[in-house]
Amino acid sequence: MLVTVVFLDVERSTELLVERGDVAGRAAVEGVLAVARERIEPYGGTEVKSLGDGLMLTFPAPRQAVTFAVTVQRALVGRSPALRVGINTGEIAGAPGDPVGEAVNAAARIAAKAAGGEVLVSDVVRQLVGTVPGVRFDD
């Protein structure tokens, strides 16, 4: 099955827990994730699993995933903590509710390379998406 996998990761979540304490740090992380969760369904996405300080999502098409991610990042501008996003499209193994495989691993690695407030995509996503109004891809 071909899907677009998105990983969201709250930047510096461990440090937040240390700096603000468990309750306030967790509330900050959950606040950022809530902004993302509000936008998943309208863009056709599915929350696969919560990762504590992030989410794993799937979308039926890369354009939906990219526009979702850009919308979330714009909603979070100026807010702390920041969110890192990685997107990849590929074939997955396993059930749709628990996808595994190289496409999933690549999306996780891409998210890990993103800076806070950034959306990084694989080259295949960039090629499949083409031109999106208001979105600029940089190498």
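Quick one: what are the phi-derived ³J(HN,Hα) couplings along segment 113-127, Karplus 6.51/-1.76/1.60 with θ = phi - 60°, whole Hz, x for glycine and proline?
8, 6, 8, x, x, 10, 10, 10, 10, 6, 4, 5, 5, 4, 5
Only helical DSSP H runs with n ≥ 4 go in: add -39500 (n - 2.57) per run for the chain, normalise by residue count and round the 222 nm mean residue ellipticity to 500 deg cm²/dmol.
On the way: 5 runs with 60 residues, N = 139.
Value at 222 nm, helices only, nearest 500: -13500 deg cm²/dmol.
Efficiency by 1/(1 + (r/R0)^6): what FRET value for Val18 and Asn105, r their Cβ-Cβ distance, R0 = 35 Å, to the nearest 0.05? Please report the intermediate quantities before stating the final value.
Working: r = 29 Å, r/R0 = 0.82.
The formula returns an efficiency of 0.75 here.
Could you state how much accessible area Ile110 has, in square angstrom rounded to the nearest 10, with a 1.4 Å probe and all protein chains kept in place?
Solvent-accessible area, nearest 10 Å²: 30 Å².
Tally Lys/Arg at +1 and Asp/Glu at -1 over every other residue whose Cβ is under 14 Å from the Cβ of Lys113; what's the total? Don't skip to the end; give the middle numbers.
Details: positive: Arg84, Arg109; negative: Asp9, Glu11, Glu118, Asp123, Asp138, Asp139.
Its environment carries a net charge of -4.
Any chance you could look up the accessible area of Val119 with a 1.4 Å probe, heavy atoms only, rounded to 10 Å²?
Number for this one is 40 Å².
With the crude spin-label approximation of a point 7 Å out along Cα→Cβ, what separation in nm comes out for Val77 versus Ala95?
4.1 nm
To the nearest 10 square angstrom, what accessible area does Lys49 show with a 1.4 Å probe?
About 80 Å², ignoring ligands and nucleic acids.
The values are calculated or read from the model by the stated rules, or taken from the named source; none is laboratory data. This structure is a prediction, so every number in the text was calculated from the model and none was measured. Note: ideal-geometry Cβ built from the backbone for every residue, glycine included; neighbour counts use all protein chains shown. Accessible surface is based on the protein model in full, side chains and every heavy atom, while ligands, DNA and RNA are left aside. Shrake-Rupley method; radii C 1.70, N 1.55, O 1.52, S 1.80 Å.
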